[in-house]
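As structure tokens, the structure follows; a few thoughts come after it.
The values are calculated or read from the model by the stated rules, or taken from the named source; none is laboratory data. Owing to the predicted nature of the structure, the values given are computational and were not obtained by experimental measurement. Quick reminder, even Gly has a Cβ in these numbers, built from the backbone with ideal geometry, and neighbours come from all protein chains shown.
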Amino acid sequence: MKKKIIVIGAVVAIIAAVGFYMTSQKNGVEVNSEEVIKGNIAEYVEEIGVVKSKNEVNIYVPAAGKVSQVLVDIGDKVKAGDTLVKLDEDEVSRQIEELEAQRLSVLAQYNEAKKPSNEKAIRKLELEIENMEKSIENAEEDVNKSEELYNAGAISNEEYETVVRNLDSQRRNLEKAKLDLELMKEPASKNVLDQYEAQLKQINIQKEGLQDLSKDYTITASTDGTILTKTVENGSYLQPGTVIMKIGNTEKLYIESDILLGDIAKIIEGAAVDISNEDLGITDLKGNVIKIHPKAFSKISDLGVEQKRIKIDIEMENTPASLRPDYDLDIKIIVESKEGTLIIPESAVFTIEEKEYVFVNQNSTAELREVTTGIESQREVEILSGLEEGEIVILSPDEDIEEGVSIK
């Protein structure tokens, strides 16, 4: 009984399939299609670019101090040399006084280190040396007299040698005493003195730096431009090296973008760039890549993936007046383009065993055609061979489309 049911089911399936095929042949499968045309196509790398101002410089604090006056705000235009911030004069004076106190303290330590260790002990040793020298003079006279007596036979050789040995012993003791005196007169080691001298030099440099500043300790602009950022207010206490402002030339803007390492090989300096931003009403702004930076860096994507990227700079042909630093723009960097070439929608192309095909509408019948593609854009693809201008290709063919199927 089960075998009959299976056979009957199979027959029904075959009849249904034949019926569908006959219906398809009669009515044709509905498809979307488009004509093969000649036109222009470009392959591009798409990224986000950030507007930057040229000649951006940071303004640093040269020395610690309390802010007494901030004379500019964000958006103000300044010239090189214009006063930006003033620090409290009293604070600068206090710093100079502190440095002078430090200098005097180090100088006293330095002078003390240069002094001998014990002046009284030195004087005592010097007197002992004077007595030794007189004793040696007497001993030398004794040796001379003994020598005469020995030569005359008045004393023995042993008596003469005793007098000579006494003189040698006194001379050695004198030499030792002189060495002790030199050691006592020596100051601290050279390394210690060098350290004190280095401290004094550093303090003097700091003092000269503060004294070279203006009376009000004025911080000025180092270049012409516009104040882009400001992180200082009246009453703030600033440390040396702190960045308090950024100045840039907003009349000369460029675009900076971070390109994936896998895409950078396609890009060359001078490559054309299409720039847009719907919110700003920018739709057809042109530019060119003017610099590819030499060093890659790591960047975390929005999905949390670490990526290697290369920074590039893009110059705009006509900068819109509405642009400001740090605006985001959509950029398309053209890496290859063709004019007057055959183009079809990318959705028409599919792959079978590593070869590319399309279905062509040949007299309302689907015809499978192998093609060779060239440049690929986001939605279009260039056809190098396999199609002619004016032919109709089927878009996004599904499983119902196969060779010889009627279409409409």
Which condition from (1) closer than 25 Å to T223 by Cβ; (2) surrounded by fewer than 16 Cβ atoms within 10 Å (Cβ to Cβ) is the one that A101 breaks? (1)
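Here is a yes/no grid of residues against (1) over 26 Å from the mean Cα position of the chain (by Cα); (2) surrounded by 11 or more Cβ atoms within 10 Å (Cβ to Cβ); (3) polar (S, T, N, Q):
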site	(1), (2), (3)
Y217	yes, yes, no
I227	no, yes, no
G241	no, no, no
I244	no, yes, no
S276	yes, yes, yes
I290	no, yes, no
K308	no, yes, no
R324	no, yes, no
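So in the stretch 343-360, with the set limited to residues that are under 15 Å from E399 (Cβ atoms) and in contact with a strand residue (DSSP E or B) (Cβ under 7 Å, 6 or more places away or on another chain), which one is surrounded by the fewest Cβ atoms within 10 Å (Cβ to Cβ)?
Keep residues of the stretch 343-360 that are under 15 Å from E399 (Cβ atoms), which gives 350, 352, 357, 359.
Among the residues that remain, those that are also in contact with a strand residue (DSSP E or B) (Cβ under 7 Å, 6 or more places away or on another chain) are: 350, 357, 359.
Working: F350: 12, Y357: 17, F359: 24.
Checked the stretch 343-360; the qualifying residue surrounded by the fewest Cβ atoms within 10 Å (Cβ to Cβ) is F350.
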Give all pairs with beta carbons closer than 7 Å in which a residue from the stretch 33-60 that is at positive phi meets a residue that is outside any strand (DSSP E or B) and not charged (D, E, K, R); count only pairs at least 6 apart in sequence or on separate chains. N55/T223
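Quick grid of which residues meet (1) of a type outside the set (A, V, I, L, M, F, W, C); (2) closer than 30 Å to G209 by Cβ; (3) exposed (fewer than 13 other Cβ atoms within 10 Å of the Cβ); (4) at pLDDT below 70:
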| position | (1), (2), (3), (4) |
| --- | --- |
| V11 | no, no, yes, yes |
| A16 | no, no, yes, yes |
| F20 | no, no, yes, yes |
| V36 | no, no, no, no |
| S53 | yes, no, no, no |
| S68 | yes, yes, no, no |
Does any residue of the stretch 93-108 turn out to be assigned to a helix (DSSP H, G or I), touching a Gly at 6+ places or on another chain (Cβ under 9 Å) and not basic (K, R)? yes
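Being at pLDDT 90 or above and out of contact with any strand residue (DSSP E or B) (no Cβ under 9 Å at 6 or more places or on another chain) is true for just one of N144, N118. Which residue is that? First the steps, then the outcome.
Numbers: N118 fails: at pLDDT 90 or above.
Exactly one of N144, N118 is at pLDDT 90 or above and out of contact with any strand residue (DSSP E or B) (no Cβ under 9 Å at 6 or more places or on another chain), namely N144.
Condition check ((1) part of a strand (DSSP E or B); (2) of a type in the set (V, I, T); (3) in the same structural domain as T229 (by TED's automatic domain parsing)) across all residues:
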{"position": "I259", "(1), (2), (3)": "yes, yes, no"}
{"position": "I267", "(1), (2), (3)": "no, yes, no"}
{"position": "G270", "(1), (2), (3)": "no, no, no"}
{"position": "L280", "(1), (2), (3)": "no, no, no"}
{"position": "K295", "(1), (2), (3)": "yes, no, no"}
{"position": "D330", "(1), (2), (3)": "yes, no, no"}
{"position": "I344", "(1), (2), (3)": "yes, yes, no"}
{"position": "S347", "(1), (2), (3)": "no, no, no"}
Take the conditions outside any helix (DSSP H, G or I) and at pLDDT below 80 and apply them to A63. Does it pass? yes
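Quick check on the stretch 206-224. Is at least one of its residues within 30 Å of L329 (Cβ to Cβ), assigned to a strand (DSSP E or B) and touching a strand residue (DSSP E or B) at 6+ places or on another chain (Cβ under 7 Å)?
Among the residues of the stretch 206-224, not one is within 30 Å of L329 (Cβ to Cβ), assigned to a strand (DSSP E or B) and touching a strand residue (DSSP E or B) at 6+ places or on another chain (Cβ under 7 Å), which makes the answer no.
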Filter the stretch 310-322 for residues that are touching a Lys or Arg at 6+ places or on another chain (Cβ under 7 Å) and assigned to a strand (DSSP E or B); the one that is surrounded by the most Cβ atoms within 10 Å (Cβ to Cβ) is I312
Qualifying residue in the stretch 316-333 (condition: out of contact with any strand residue (DSSP E or B) (no Cβ under 9 Å at 6 or more places or on another chain) and either touching a residue at least 60 places away in the same chain (Cβ under 8 Å) or within 22 Å of Q378 (Cβ to Cβ) (or both)): no
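Mind telling me which of the residues L174, L127, L167 ends up being aliphatic (A, V, I, L, M) and loosely packed, with under 12 Cβ neighbours inside 10 Å? Walk me through it before giving the result.
Numbers: L174 fails: loosely packed, with under 12 Cβ neighbours inside 10 Å; L167 fails: loosely packed, with under 12 Cβ neighbours inside 10 Å.
Of L174, L127, L167, the one residue that is aliphatic (A, V, I, L, M) and loosely packed, with under 12 Cβ neighbours inside 10 Å is L127.
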Can you name every residue in the stretch 369-389 that is surrounded by 16 or more Cβ atoms within 10 Å (Cβ to Cβ) and in contact with an Asp or Glu (Cβ under 8 Å, 6 or more places away or on another chain)? V371, T373, G374, I375, S377, E380, V381, E382, G386
Near pairs, Cβ below 6 angstrom, 6+ apart or cross-chain, from the stretch 348-366 (within 15 Å of L384 (Cα to Cα)) to any residue that is assigned to a loop (DSSP other than H, G, I, E, B) and not basic (K, R): E356/V349; V358/V349
Go through the stretch 130-156 and give me each residue that's exposed (fewer than 14 other Cβ atoms within 10 Å of the Cβ), under 24 Å from E175 (Cα atoms) and not charged (D, E, K, R). N131, N138, N144
Considering (1) among the small types (G, A, S); (2) in the same structural domain as N288 (by TED's automatic domain parsing); (3) in contact with an Asp or Glu (Cβ under 6 Å, 6 or more places away or on another chain), say which one A221 fails and leave the rest. (2)
So how many residues does the stretch 49-76 have that are touching a helix residue (DSSP H, G or I) at 6+ places or on another chain (Cβ under 7 Å) and either basic (K, R) or farther than 17 Å from L238 by Cβ (or both)? 1
